[in-house]
Amino acid sequence: MAKAIRQTMQKGMLRAEIGNKKSFFSAEDIYKKIKEKDSRLGIATVYRFLKGLRKNNKIHSYVCDRKTIYSFSEQNHCHFLCQKCGKTTHIRIDSIDFLRKNFRGSICHFQINVEGVCEKCVKNLDLD
């Protein structure tokens with residue numbers, strides 16, 4: 001028999017707040033918003049709720065600046081990390097055809113981190 005999920009007021013508030021998100025969000029973002037309405041909410045409750053959604057494939061998770069972020073949509077999350085200055089830049093990658101050629105299955109979303117030297121640092125290297 002399937003385990004019944006307790007429906008609480010806090011879970012309802014979490015569901016409503018997360019449902020309003022159109023882009024990426026963090027557990028801390030959700031916690032701050034709901035904490036204003038219900039001071040009894042604990043951050044652990046938010047993490048458990050998000051973990052459950054992720055486990056049931058209701059949301060997607062990514063890592064950005066060493067923090068977990070979430071999204072309802074199958075957005076891709078990609079970074080360029082400069083090895084010289086340490087700056088992280090979000091980049092857009094629309095096609096992963098190169099990956100599909102080597103992978104037999106269905107790709108839902110992806111996260112890619114590309115490392116190198118940014119344009120500004122390359123220009124500064126030329127002056128040295």
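All conditions but one from (1) in a helix (DSSP H, G or I); (2) outside the structural domain of E17 (by TED's automatic domain parsing); (3) among the small types (G, A, S) apply to A44; the one that does not is (2). Of all the listed residues (S106, S71), the sole one being under 30 Å from G19 (Cα atoms) and free of Cβ contacts under 8 Å to residues at least 12 places away in the same chain is S106.
Residues that are buried (at least 16 other Cβ atoms within 10 Å of the Cβ), touching a strand residue (DSSP E or B) at 6+ places or on another chain (Cβ under 7 Å) and within 17 Å of C108 (Cβ to Cβ) do not occur anywhere in segment 45-52. Return a yes/no flag: does segment 70-93 have any residue that is under 16 Å from the mean Cα position of the chain (by Cα), at pLDDT 90 or above and among the acidic types (D, E). No, segment 70-93 contains no residue that is under 16 Å from the mean Cα position of the chain (by Cα), at pLDDT 90 or above and among the acidic types (D, E).
On inspection, R66 qualifies as outside the structural domain of V122 (by TED's automatic domain parsing) and at positive phi.
Of all residues in segment 28-45, those that are of a type outside the set (A, V, I, L, M) have Cβ atoms under 7 Å from Cβ atoms of residues that are part of a helix (DSSP H, G or I) and surrounded by 12 or more Cβ atoms within 10 Å (Cβ to Cβ), 6 or more apart or on another chain, in Y31/I43; Y31/V46; K33/E17; K37/M13; D38/Q10; D38/M13; T45/Q10.
Within the option set Q111, Q83, being in contact (Cβ under 8 Å) with a residue 12 or more places away in the chain and under 30 Å from A16 (Cβ atoms) holds for one residue only, Q111.
Here are the criteria: (1) modelled with pLDDT of 90 or more; (2) exposed (fewer than 12 other Cβ atoms within 10 Å of the Cβ). Tell me which single one K22 does not satisfy. Failing condition for K22: (1).
When K51 is tested against (1) at pLDDT below 90; (2) basic (K, R); (3) in a helix (DSSP H, G or I), exactly one condition is not met: (1).
Listed here are the residues, each with its yes/no results for (1) in contact with a Lys or Arg (Cβ under 8 Å, 6 or more places away or on another chain); (2) loosely packed, with under 11 Cβ neighbours inside 10 Å; (3) assigned to a strand (DSSP E or B); (4) acidic (D, E).
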position: I34; (1), (2), (3), (4): no, no, no, no
position: N57; (1), (2), (3), (4): no, yes, no, no
position: I69; (1), (2), (3), (4): no, no, yes, no
position: T89; (1), (2), (3), (4): no, no, yes, no
position: L99; (1), (2), (3), (4): no, no, no, no
position: S106; (1), (2), (3), (4): no, yes, no, no
position: H109; (1), (2), (3), (4): no, no, no, no
position: I112; (1), (2), (3), (4): no, no, yes, no
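The values are calculated or read from the model by the stated rules, or taken from the named source; none is laboratory data. Keep in mind that this is a model prediction, so the values were computed, not measured. FYI the Cβ positions are ideal-geometry reconstructions off the backbone, even for glycines, and counts take in every protein chain you see.
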